[in-house]
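Below is one structure, written out as structure tokens; the observations come after it.
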Amino acid sequence: MKNFFYKTYKFSNSWTGTIIIVLFVIFFIAQAFRIPSGSMKDSLLVGDHLFAKKFAYGIPMPFIPFLEVSIMPWSKKLKLVNGDTPKRGDIVIFRYPGNIKEHFVKRCVALPGDELFVANKNLFLHFREGDAWIKKHYKGYKTVVYDDKLWVENPYMKKHRGIHHDPKIIENGRNPLPIFYFNPIKVEKNHYFMMGDNRDHSNDSRFWGAVPYENIEGTPWFIYFSVDKNWEIRWDRIGKTPADLEQSPYIDKAIEERKKQDKDYYGIT
């Protein structure tokens with residue numbers, strides 16, 4: 001047994017062993033990502049560098065870092081092993097259905113079987129559990145009756161304070177219609193509807209549809225580095241999880257910073 005551990009130790013210290021260990025971690029445990037756009041502010045900010053928990057929703061197909069080439073190029077599968085599925089309100093990292101080499105980070109707002117629509121920028125959800133369940137679990141929330149069903153208006157804004165609208169974005173015939181109005185749909189089986197917290201500056205499921213389960217890579221784990229547009233390090237964000245950052249004083253600071261920099265526009269990304 002002692003000989004086995006010694007050989008393992010020696011192998012791990014070799015270049016080959018180091019590369020194998022690093023790739024194993026990247027493929028199956030954690031992978032580094034950078035938030036490049038403002039689609040998730042105030043919850044996640046441009047310049048946040050985070051580790052993704054790769055095993056949160058099963059095991060995704062390993063891709064070679066930077067090249068974004070599958071280790072099994074003959075297979076079109078994006079998921080090696082199925083596992084847990086996203087819950088409503090989870091922040092999810094996934095491969096963009098329009099180009100699987102791109103990673104997006106959005107919030108899951110609807111599960112398979114849920115129904116939703118957007119009116120005057122507001123999200124309305126009819127949960128698949130039905131009216132009785134909604135009445136029990138969403139007391140105090142604004143609801144409307146439409147098509148003989150009960151719909152909850154903006155069900156995530158109370159819990160996730162980073163979700164917001166931009167008052168500067170108004171309907172003028174030039175802005176994308178799904179931001180303001182999105183016809184009622186029912187999310188299909190094994191698909192998840194994703195939206196950015198920066199609702200008026202997010203390219204998400206309103207534009208290109210729900211995300212298949214196999215495209216889902218993981219969830220943000222914790223921030224290991226964060227820097228603002230002036231290259232000043234945000235020390236207070238380092239080591240924090242997304243759940244931590246949704247609590248005061250972190251979310252308060254992010255909201256206040258956005259209000260001060262209202263002129264800052266990141267575009268639809």
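We did not get these values from a lab; they are worked out from the coordinates using the rules stated. Everything numeric in this text was worked out from a predicted model, so none of it was measured. Every residue, glycine as well, gets a Cβ built from its backbone with ideal geometry; the counts of neighbours run over all protein chains shown.
Odds and ends about this structure:
- Karplus (6.51, -1.76, 1.60) ³J(HN,Hα), θ = phi - 60°, over region 40-56, in Hz, Gly and Pro reported as x: 10, 6, 9, 6, 10, 10, 4, x, 6, 10, 9, 9, 9, 7, 6, 9, 5
- Close amide H contacts of residue 211 (hydrogens built in the peptide plane, cut-off under 5 Å, sequence separation of 5 or more or a different chain): 192, 193, 194.
- Linear extension gain, residue 135 paired with residue 260, 0.36 nm per residue minus alpha-carbon span: 41.2 nm
- Percentage relative contact order, region 63-185, counting C-alpha pairs under 8 Å, at least six apart: 20 percent
- Extended-chain gain in nm, criterion 0.36 nm per residue less alpha-carbon gap, residue 144 and residue 99: 12.5 nm
- Sorting 30-43, 59-72, 180-193 by average packing, meaning the other beta carbons within 10 Å per residue, from highest down gives 30-43, 180-193, 59-72.
- Here residue 247 and residue 183 are evaluated by their C-beta separation; at R0 = 25 Å the FRET efficiency comes out at 0.10.
- Simple spin-label estimate for residue 64 and residue 87 in nanometres, 7 Å along Cα-Cβ: 3.8 nm
- Subtracting the Cα-Cα distance of residue 169 and residue 120 from their residue separation scaled by 0.36 nm leaves 16.5 nm.
- Backbone amide hydrogens, once placed in the peptide plane, bring residue 45 within less than 5 Å of nothing, excluding anything fewer than 5 places away on its chain.
- Whole-Å distance, taken between Cα centres, linking region 107-175 and region 205-259: 22 Å
- Placed amide H near residue 64: partners under 5 Å, 5+ positions off or other chain: 69, 70, 71
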